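The values are calculated or read from the model by the stated rules, or taken from the named source; none is laboratory data. What you see is a predicted model, and the numbers here were worked out from it, not measured in a lab. Methodologically, a virtual Cβ is constructed for each residue, glycine included, from the backbone with ideal geometry; neighbour enumeration extends over all protein chains shown. The area values use the complete protein model at the heavy-atom level, side chains included, leaving out ligands, DNA and RNA. Shrake-Rupley method; radii C 1.70, N 1.55, O 1.52, S 1.80 Å.
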Amino acid sequence: MCGIAGIAGSLTPDTAGRVQAMLRALEHRGPDQHGLWCSGASGHGAVLGHRRLSILDLSEAGRQPMIHAGSGVALSYNGECYNFAELRRELESLGHQFRSQSDTEVLLAAYVEWGEQAIERLRGMFAIALWDPRERSLLMVRDRLGIKPLYYACTAGQVVFASEVRAILQANPALRRLDRVALSAYLWHGFVPGPRTLVADIQLVPAGTMLRVRDDGRIEAPRRYWRLPRPSPSADAESARLAAAEELEHAVRLRLVSDVPLGVFLSGGVDSSVIATLAQRNSAKPIQTFNITFDDAKFDESSYAERVARALGTEHHRIPLTEANFREQLPAALDSLDQPTFDAVNTYFVSRAVREAGLTVALSGAGGDELFGGYASFRELPAMQTWSRLARPLPARLRNLLAGAVARLAAGAGSEVPPQTRWGKLADILAADGDPVALYQCAYALFTRRMHADLQLRADEPLMWGLYPERYQEFASEVAGMDPLFTVSHLELQSFIGERLLRDTDTASMAVSLEARVPILDHKFIEAVSRLPAESRYLPLGRKGFLRALMADHVPADIFDRPKAGFELPLELWCKRSLLADMDATFRDLNLAHAIGLDAEVTARIWRAFRKGGAGLYWSRVWALFVLMRWCQRYGVYV
């Protein structure tokens, strides 16, 4: 696991120095080694940089950028190729020789042997920058689900790329200009969906996509080499279930390969517990498991994690996080954010605790809810679709009057801000006219469309239900004709997982030099799951029966017979107590709000309403605004 950076196109005397500046900004991603490679001193070519967090083959033989002796192909690579041993055996049979035990050398040889088709043979997570002197071009590739990020900017005949937005800003300070359209998307989601970023001229390489950059800095049309599979249920449900179970166990087994200490995030829920179960079953010694504990019993689920750990015989660690600890470490957590996002600090604190315990690799249960119907959205979205369609015959004016009356009733008397969730969104839900993508966006929106519009001083381009028009059309075409449960699952994987959770996990874990692995999001497993019938994949809703069955002989089933509660910090309380002064000062900074493009009076009104306990105004709304304002101030990114 590493950080990569580089520049392709026209090489100037300062090109190598700018890549070095990016590497300094990425030191947290790779504290063990760094390297720089230049295709030539001047003219057109590439400079590749690398920061290394040593996981496999800790020797100098695994150093990057790595150059293939025969072809001169150069590689800077961030991630893990879990099937590298299998690929290595095949390549050796074709005459390739290896001097290291690293997956990097295997990936390099695979490209030399098979070209771009080599990427489709990789099983893992990766962001790749590969200079091919035979083609005089740079190939940039991102893994299928988007586990590893890769950003780029086009400037004066050059393409500048890096694992983080902040690194590109370090090499190109003139880029510090806020994208108003991305800001509008952030205010809808609490994160910026790709391919845009909050910085106007920096873009994200889409998941499952490769881009080729010619030596004159020209980018060819991107090629999408993988998409989420559409459901294709098998007639033999039991065979499909067994095949999927086998793929998940294999995915976990592959992710246990490491030359450094490894453990498992264990919340005590179904998803992390099944990963711990399969990891322990495939380990010759007790694996290490970790769980965060809180003083507030409402948020503390450590007793469930301990029961799972005892049943499996893991070496379990309880890591307390107090309100005082959180307040003390918050500046570092906010500084860890590569882009503003309202939810990444959760993962930062878990990652930091695990890293301080001596581990370099941790397995996570991310993806189980999205694949197997664990969220409330699997119940709520089909119901919202029904309400929206039933209201279709009513005149728009009557629908709006009805929704407004319900919102006022839900808000109660004297509220400065209408409810921004549930009944407050009724007008938007009815206006969606049964469109599943629009309804999904409504369900996850931080603010109603009216409040969203009020928050911004100006938006350059309209969004379609919080999405860029091209992304909206992409989502709509992908779910067209799908049954409701499959539709929700697909959207959760595309939006929540692909656009938020994976990037948050990468940023937060790499901020403390920890590699996070997500076996449930193995693409072979996802393809196997797509062949499960809806009834065996989702029903009964919320129970994730497929995953539970994998633990049946190892973990008592009653541990999971409780209301679902995802890992969540007590931020609702802390925002009104230990964080109050900092947040109040930020929301009172009218010049800062204006410089970002926010209506300062509206942001202040939302903050006041939250402090007074306004109905339907959860902590995530004010936290998203607070994080946005602090990030823009920290990196000097303004409109």
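How many of the residues making up region 72-122 are touching a residue at least 24 places away in the same chain (Cβ under 8 Å) and on the phi > 0 side of the Ramachandran plot?
Number of matching residues: 2.
Being part of a strand (DSSP E or B) and surrounded by fewer than 24 Cβ atoms within 10 Å (Cβ to Cβ) is the filter here, so list the residues in region 114-127 that pass it. I'd like the intermediate steps shown before the answer.
First pass over region 114-127, keeping only residues part of a strand (DSSP E or B): 124-127.
Scanning region 114-127 gives Gly124, Phe126.
Quick check on this structure: which one of Gly424, Gly481 is in a helix (DSSP H, G or I) and either under 30 Å from Thr360 (Cβ atoms) or of a type in the set (Gly, Ala, Ser) (or both)?
On the way: Gly481 fails: in a helix (DSSP H, G or I).
Result: Gly424 is the single residue among Gly424, Gly481 that is in a helix (DSSP H, G or I) and either under 30 Å from Thr360 (Cβ atoms) or of a type in the set (Gly, Ala, Ser) (or both).
Do you know which of the residues in region 359-397 that are touching a Gly at 6+ places or on another chain (Cβ under 6 Å) and farther than 30 Å from Glu315 by Cβ is most open to solvent (accessible area, probe 1.4 Å)?
In this case the residue turns out to be Arg389.
Taking region 575-606 only, how many residues are out of contact with any strand residue (DSSP E or B) (no Cβ under 9 Å at 6 or more places or on another chain), open to solvent by less than 10 Å² (accessible area, probe 1.4 Å) and not β-branched (Val, Ile, Thr)?
Total meeting the criteria: 5.
Yes or no: region 315-337 includes at least one residue that is open to solvent by less than 30 Å² (accessible area, probe 1.4 Å) and acidic (Asp, Glu).
no
When you check Leu150 against the structure, is it out of contact with any His (no Cβ under 8 Å at 6 or more places or on another chain), closer than 24 Å to Ser54 by Cα and open to solvent by less than 30 Å² (accessible area, probe 1.4 Å), yes or no? Outline the logic, then answer.
Values: out of contact with any His (no Cβ under 8 Å at 6 or more places or on another chain): yes; closer than 24 Å to Ser54 by Cα: yes; open to solvent by less than 30 Å² (accessible area, probe 1.4 Å): yes.
Spelling it out, Leu150 is indeed out of contact with any His (no Cβ under 8 Å at 6 or more places or on another chain), closer than 24 Å to Ser54 by Cα and open to solvent by less than 30 Å² (accessible area, probe 1.4 Å).
Looking at Ala182, Ala153, Ala174, can you tell me which residue is within 15 Å of Glu499 (Cβ to Cβ), free of Cβ contacts under 8 Å to residues at least 60 places away in the same chain and not β-branched (Val, Ile, Thr)? Spell out how you get there, then give the answer.
On the way: Ala153 fails: within 15 Å of Glu499 (Cβ to Cβ); Ala174 fails: within 15 Å of Glu499 (Cβ to Cβ).
On inspection, the qualifying residue turns out to be Ala182.
Can you confirm whether region 102-113 contains a residue that is in contact with a helix residue (DSSP H, G or I) (Cβ under 8 Å, 6 or more places away or on another chain), at pLDDT 95 or above, surrounded by fewer than 20 Cβ atoms within 10 Å (Cβ to Cβ) and farther than 20 Å from Asn78 by Cα?
Yes; the residues of region 102-113 include at least one that is in contact with a helix residue (DSSP H, G or I) (Cβ under 8 Å, 6 or more places away or on another chain), at pLDDT 95 or above, surrounded by fewer than 20 Cβ atoms within 10 Å (Cβ to Cβ) and farther than 20 Å from Asn78 by Cα.
What are the pairs with Cβ atoms under 7 angstrom where one residue, in region 216-232, is touching a residue at least 40 places away in the same chain (Cβ under 8 Å) and part of a loop (DSSP other than H, G, I, E, B) and the other, located anywhere, is aromatic (Phe, Trp, Tyr) and open to solvent by less than 60 Å² (accessible area, probe 1.4 Å)? Sequence gap at least six, or different chains.
Correct list of pairs: Pro231/Phe486.
Of all residues being assigned to a helix (DSSP H, G or I) and among the polar types (S, T, N, Q) in region 1-41, which is surrounded by the most Cβ atoms within 10 Å (Cβ to Cβ)? Just the residue, please. Please lay out each step first, then the result.
Our first condition is that a residue be assigned to a helix (DSSP H, G or I); within region 1-41, this holds for 15-25, 27-29.
Then drop every residue that is not among the polar types (S, T, N, Q), which leaves 15, 20.
Details: Thr15: 23, Gln20: 17.
Filtering first and then ranking leaves Thr15.
Considering only region 69-113, how many residues are charged (D, E, K, R) and part of a loop (DSSP other than H, G, I, E, B)? Can you show your working first?
Step one: list which residues in region 69-113 are charged (D, E, K, R), which gives 80, 86, 88-90, 92, 99, 103, 105, 113.
Narrowing further to those that are part of a loop (DSSP other than H, G, I, E, B): 99.
Residues in region 69-113 being charged (D, E, K, R) and part of a loop (DSSP other than H, G, I, E, B): 1 in total.
Please pick out the residue among Leu26, Leu11, Leu75, Leu53 that is modelled with pLDDT under 95, of a type in the set (A, V, I, L, M) and within 30 Å of Ile520 (Cβ to Cβ).
Values: Leu26 fails: modelled with pLDDT under 95; Leu11 fails: within 30 Å of Ile520 (Cβ to Cβ); Leu75 fails: modelled with pLDDT under 95.
Testing whether each residue is modelled with pLDDT under 95, of a type in the set (A, V, I, L, M) and within 30 Å of Ile520 (Cβ to Cβ) leaves just Leu53.
Please find, among Ser377, Ser388, the residue that is polar (S, T, N, Q), in contact with a helix residue (DSSP H, G or I) (Cβ under 8 Å, 6 or more places away or on another chain) and modelled with pLDDT under 90.
Going through Ser377, Ser388 in turn, just one is polar (S, T, N, Q), in contact with a helix residue (DSSP H, G or I) (Cβ under 8 Å, 6 or more places away or on another chain) and modelled with pLDDT under 90: Ser388.
Looking at Val308, is it over 20 Å from Met551 (Cα atoms), open to solvent by less than 30 Å² (accessible area, probe 1.4 Å) and assigned to a helix (DSSP H, G or I)? Give the steps one after another, and end with the answer.
Values: over 20 Å from Met551 (Cα atoms): no; open to solvent by less than 30 Å² (accessible area, probe 1.4 Å): yes; assigned to a helix (DSSP H, G or I): yes.
In short, no.
If Met451 meets every condition in (1) under 30 Å from Glu601 (Cα atoms); (2) without any contact (Cβ under 8 Å) to a residue 24 or more places away in the chain apart from one, which number is that one?
Evaluating Met451 over (1) under 30 Å from Glu601 (Cα atoms); (2) without any contact (Cβ under 8 Å) to a residue 24 or more places away in the chain leaves (2) as the failure.
Considering every residue within region 337-347, establish whether at least one is of a type in the set (Val, Ile, Thr) and assigned to a loop (DSSP other than H, G, I, E, B). Break it down stepwise before answering.
Within region 337-347, the first condition is being of a type in the set (Val, Ile, Thr), and the residues that meet it are 341, 345, 347.
Checking which are assigned to a loop (DSSP other than H, G, I, E, B) leaves us with 341.
Yes.
Test Arg621 against the stated conditions and say whether it is over 24 Å from Thr197 (Cα atoms) and assigned to a helix (DSSP H, G or I). Let's see the steps before the verdict.
Working: over 24 Å from Thr197 (Cα atoms): no; assigned to a helix (DSSP H, G or I): yes.
So Arg621 does not fit the description; no.
Filter region 440-481 for residues that are over 24 Å from Arg180 (Cα atoms) and not small (Gly, Ala, Ser); which is surrounded by the most Cβ atoms within 10 Å (Cβ to Cβ)?
Filtering first and then ranking leaves Val479.
Residues Thr197, Thr209: which one is among the hydroxyl-bearing types (Ser, Thr, Tyr), at pLDDT 95 or above and within 30 Å of Asn83 (Cβ to Cβ)?
Within the list Thr197, Thr209, the selection yields Thr209.
From Leu532, Leu541, Leu502, which residue is modelled with pLDDT of 95 or more and outside any helix (DSSP H, G or I)?
On the way: Leu541 fails: modelled with pLDDT of 95 or more; Leu502 fails: outside any helix (DSSP H, G or I).
Answer to the selection: Leu532.
Given (1) buried (at least 19 other Cβ atoms within 10 Å of the Cβ); (2) on the phi < 0 side of the Ramachandran plot; (3) within 26 Å of the chain's Cα centre (by Cα); (4) touching a residue at least 24 places away in the same chain (Cβ under 8 Å), identify the lone condition not met by Val47.
Of the numbered conditions (1) buried (at least 19 other Cβ atoms within 10 Å of the Cβ); (2) on the phi < 0 side of the Ramachandran plot; (3) within 26 Å of the chain's Cα centre (by Cα); (4) touching a residue at least 24 places away in the same chain (Cβ under 8 Å), the odd one out for Val47 is (3).
Taking region 176-193, which residues are out of contact with any helix residue (DSSP H, G or I) (no Cβ under 9 Å at 6 or more places or on another chain) and part of a strand (DSSP E or B)?
Passing the criteria: only Arg177.
When the residues of region 398-420 are narrowed to those that are modelled with pLDDT of 75 or more and open to solvent by less than 20 Å² (accessible area, probe 1.4 Å), which ends up farthest from Asp454 (Cα to Cα)?
Going through the qualifying residues, I end up with Pro419.
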